[in-house]
Amino acid sequence: MSDLRASRAPAAGFIVVGLYWGSFAGLVPDLKAAIGASDGTFGSTMFFAALGALAAMWLAPRVDAKLGARALQGCAIAVGCAFLLPGLAKGPIAFTVAMLLASAGSGSLDVIMNTRVSALEATSKRSLMNLNHALFSFAYAGAAMSAGFFREAGFAPLTVFACISMLNILLLKVMYQDAAVLENDVTVGSSHLSRPLIWLGGLIILIAFMSEQATEAWSALHLERGLGGSAAQGALGPAILGLTMGVGRLSGQFISTHVRETYVLQVAGVIAALGLMIAASALSLSVAYVGFAILGLGVSVMAPMAYSAVGKRVNNQQRAVIITRISVIGYIGFFIGPPLMGGLSKSFGLSISFYTIGVILLLVSVFLAPQLRKQ
């Protein structure tokens, strides 16, 4: 609880992002049907939406400096307004624009809140990253499950996003944070930065987020279309993923005090790959749920452990710019996951697309984590 109080402002931001993306994951079948998109087309809309997120991430430090103590609040308001638009979209073009704006707001908020947590870790000498990412996962799981029940009851996606916006408004007051927390994190020139450190940390986060988002966005379709589940049973897939990720990250909060982050990353990559392959080969809903649960436990700690590992290898003057850069690299994965899944699903089937993501996860264990340890 003391860790939660210490990081309450960015923690509220993590909750908000989890609520919106969890709801989105649970609503994917309805949103996809509303715009009349095929698997490939739907994946492409998410790819173009990534452009807005990447542009916003590069601008996030300027937004942070401009808004100061209210940076988290301003980005949360932007996210809330933007996520109403996908529920109004009636075609692929309108949906793409809507998701571009939603992704841009979410990307800015994500960079700023991770930078704030990293700075708090440096000043307090406490591990906070896993806890904050766990809050995202629990919020995501609850929102995904709630979205499934809303769908069963016949509510439109716009209504669901409007309900999340009410919760967003209630959390705005908590997100006020004096920007003085970042006083010591002055941006320095790129010539002083370790490019291998940035790329290794960024690629680990990229693979983690790619795996998360690919599964979050397509697990409901896999359960409903491939295994004959209902809307509520389909929404249970991303909900289980989010719940087990929350449990895994809370465990990571304690593990990080005893085991080096890079060793945890190696084990986590194998566990995540195994879980995803179990889900891909499942012939029943129960086995698929077990696979998604194992995936959640493994992939949950990869991004926060990478952030912490990189943060411990830089000084205060480098931290702000390095966190921004590894976030930009990492969050490419958050948005290329769905289009990659869409393209592979269209060409080879949804199960093959899950297998492919599983193989990519193994790269963290075999190459990236060992190389990060050497930095």
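The values are calculated or read from the model by the stated rules, or taken from the named source; none is laboratory data. Remember, it's a predicted structure, so these values are computed and weren't measured experimentally. All Cβ positions, glycine included, derive from the backbone under ideal geometry; neighbour counts span all protein chains shown. For the accessible areas, the whole protein counts, side chains as well, though only heavy atoms, and no ligand, DNA or RNA atoms are used. Shrake-Rupley method; radii C 1.70, N 1.55, O 1.52, S 1.80 Å.
List of remarks:
- Boolean, Leu297 is of a type in the set (A, V, I, L, M), open to solvent by 20 Å² or more (accessible area, probe 1.4 Å), within 21 Å of Leu223 (Cα to Cα) and touching a helix residue (DSSP H, G or I) at 6+ places or on another chain (Cβ under 8 Å): yes
- When the stretch 142-170 is filtered for residues that are among the small types (Gly, Ala, Ser) and crowded, with 24+ Cβ neighbours inside 10 Å, the ones remaining, listed by number, are Ala143, Ala144, Ala147, Gly148.
- Selection count where residues are over 24 Å from Leu368 (Cβ atoms) and at pLDDT 85 or above, scope the stretch 200-229: 5
- Per the conditions (1) loosely packed, with under 15 Cβ neighbours inside 10 Å; (2) touching a residue at least 40 places away in the same chain (Cβ under 8 Å), the sole criterion not satisfied by Phe348 is (2).
- A single member of Ala98, Ala94, Ala144, Ala89 is of a type in the set (A, V, I, L, M, F, W, C) and either under 16 Å from Gly22 (Cα atoms) or touching a Gly at 6+ places or on another chain (Cβ under 7 Å) (or both), and it is Ala144.
- Output for the stretch 59-117, where each listed residue is more than 25 Å from His133 (Cβ to Cβ) and among the small types (Gly, Ala, Ser): Gly87, Ala89, Gly91, Ala94, Ala98
- Residue match in the stretch 257-279 (condition: assigned to a helix (DSSP H, G or I), open to solvent by less than 10 Å² (accessible area, probe 1.4 Å) and at pLDDT below 90): no
- Yes/no for Ala303 being in contact (Cβ under 8 Å) with a residue 12 or more places away in the chain, over 16 Å from the mean Cα position of the chain (by Cα) and open to solvent by less than 10 Å² (accessible area, probe 1.4 Å): no
- Index of the failed condition, Met341 passing every other in (1) over 14 Å from the mean Cα position of the chain (by Cα); (2) surrounded by fewer than 20 Cβ atoms within 10 Å (Cβ to Cβ); (3) in a helix (DSSP H, G or I): (2)
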